[in-house]
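Below is one structure, written out as structure tokens, with a few remarks after it.
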Amino acid sequence: MSDTHPEIHERRILWTELLWAFGVGIFIAASLSMILFTALTRDVNPPSNVERIDPKTLHLSGEFAEQNLGTTVGSDGSVTVRAIATQFMFVPHCIAVPQGRRVTLRFASPDVIHGLLITGTNVNTMVVPGYVAQVHTEFRRTGDLLMPCHEFCGLGHSEMWATVQVISQSDFKPDADGRAVCAQR
Amino acid sequence: MPVDQPSAASDNLEVADEVTEPALAEVMRVVPLGAAVLAGSTVALLVLGYLAVYLLVFLPRGPVG
């Protein structure tokens, strides 16, 4: 029976391994293409902002001074949120953002490493003292979203959370200075 | 077992199966196919799980960057 000759079997096993390697290669190429396609067409990228800030003085002046925290709508219509993550709270505790608009979230920490995510979205970043953590996103549904600290930062870590209030475009009305705050409920 | 008794593994006749070349070839004709089916279906399930999470959970959560 020529079909059972060892050389033929070795060739068949080699062929199987090559076929497997080809299949794995196809999968890797397909997933990389999918990631590249969504990055280019749907704005899905890993946050990659590297920006230094002095953690000892960030609350005294500049964009993370108390009066600048919260949501600001620029003259060009851009929406920027600035918040401080500190032991054991986010300041401000509630962040108002419009639905369906690109929002820039900027966070800084004056003390230890914190982290945050916003439930139901892909926003997920670390907040490292000395750096500004910046994430762009677009909130698709209105409602209150939980934003907990997800990096253990001390004994009060479990109490450290904030609310992101996503407001419809028609209800999102910043004041004359371009500041927007959460609606009282 | 007495300590001076040699291990059965020291004697090939005790541990090695007597397999002829044609019999081995006959087994090897089927085994790679079964391994490929098992590995293929397992990896396919993993890939489907990845795709389901990517397409049904990750992308609907909106842009990020």
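Computed from the coordinates by the stated procedures, all read-outs in this text should not be read as laboratory data. Only a predicted model underlies this, so the values are computations on that prediction, with no experimental measurement involved. Cβ coordinates were reconstructed from backbone atoms using ideal geometry, including for glycine residues, and neighbour counts include every protein chain displayed.
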Take the residues in segment A:166-183 that are of a type in the set (A, V, I, L, M, F, W, C) and not in a loop (DSSP other than H, G, I, E, B), then tell me which one is surrounded by the fewest Cβ atoms within 10 Å (Cβ to Cβ). A:Ile167
Which one of A:Ser31, A:Ser109 is closer than 30 Å to B:Gly40 by Cα, out of contact with any helix residue (DSSP H, G or I) (no Cβ under 6 Å at 6 or more places or on another chain), surrounded by 13 or more Cβ atoms within 10 Å (Cβ to Cβ) and not hydrophobic (A, V, I, L, M, F, W, C)? A:Ser31
Filter result for the condition that a residue is within 22 Å of A:Gly156 (Cα to Cα) and β-branched (Val, Ile, Thr), over A:Val97, A:Val79, A:Val91, A:Val44: A:Val91
Within segment A:98-114, the residues that are farther than 21 Å from A:His150 by Cα, touching a residue at least 40 places away in the same chain (Cβ under 8 Å) and not in a loop (DSSP other than H, G, I, E, B) are A:Pro98, A:Gln99
Residues of segment A:45-59 that turn out to be basic (Lys, Arg) and farther than 17 Å from A:Ile84 by Cβ, as a count: 0
Any chance segment A:64-75 includes a residue that's part of a loop (DSSP other than H, G, I, E, B), charged (D, E, K, R) and within 30 Å of B:Pro63 (Cα to Cα)? no
In this structure, is A:Asp54 among the acidic types (Asp, Glu) and over 19 Å from A:Gly115 (Cα atoms)? no
